[in-house]
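Worksheet: one structure, shown below.
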Amino acid sequence: MSALCVRVLAVLVISLGLGGVSPARAWENPPERQARIESLLDSLGQARSPQVAGVLDARLWHVWLRAGEPTIDGWMREALAARRAGDFPAAIRLLDQVIDEAPGYAEGWNQRATTYYEMGEDKRSLADIAETLARQPRHYGALSGRALIAIRAGDAQAAIDSIEAARRIHPFVSIAELLPRLRQMRNLTVGRPI
């Protein structure tokens, strides 16, 4: 085989994604995206009112739900639509694609965790929550999800711990409304599941 044929074949393999690495697999969280997330999280932690926190929360979710890569963003939109329609298997398949192509994208893991939670697959959800938090330690949505699973498991203290961790990031996180009731339940059921 001539050197020209080898070069042409190499270009085809790379350009068609036949070399084992697709263009999407190279996804890395762009530094400007991560800086935006960190800035919003810092501002959220300083929010003095639910209104300001609500605006910052909406901006964060807007950034979190977009990887900035059209294929991944399309799969994410389709996955969320499938989940809203109750088609959990389709949502999981799409989110598997997101994670396979962009394993560093925290929101892919978080949305699959949410889908597993809605399916009652708590162990799988917790595993994906751990992956989310490994990539974005201040993901208060993932911490809130962990609290919901703890509540469903009857572990008031674990739920309280997760909610308090979420509240340190987002002082007005909605799940914090459950704290007084969870504390009361914990005090009534020390040593017994709720």
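Laboratory data are not the source of any read-out in this text; all were calculated from the coordinates shown. All figures in this text were calculated on a predicted structure; none of them were measured in a lab.
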TODO: Could you run the Karplus curve 6.51 cos²θ - 1.76 cosθ + 1.60 with θ = phi - 60° over the range 67-77 and give me ³J(HN,Hα) per residue in whole Hz, x for Gly and Pro?
DONE: 7, x, 10, x, 5, 5, 5, x, 4, 5, 4
TODO: Pop out the Kirkwood hydrodynamic radius of the range 38-194 from its pairwise C-alpha distances, inverse of mean 1/r, in Å to one decimal.
DONE: 16.2
- [ ] Give the relative contact order (percent, whole number) for the range 105-193; include only Cα pairs under 8 Å separated by 6+ residues.
- [x] 22
Task: Cα shape, the range 138-194, gyration tensor, a/c 1.5 rule - done: prolate
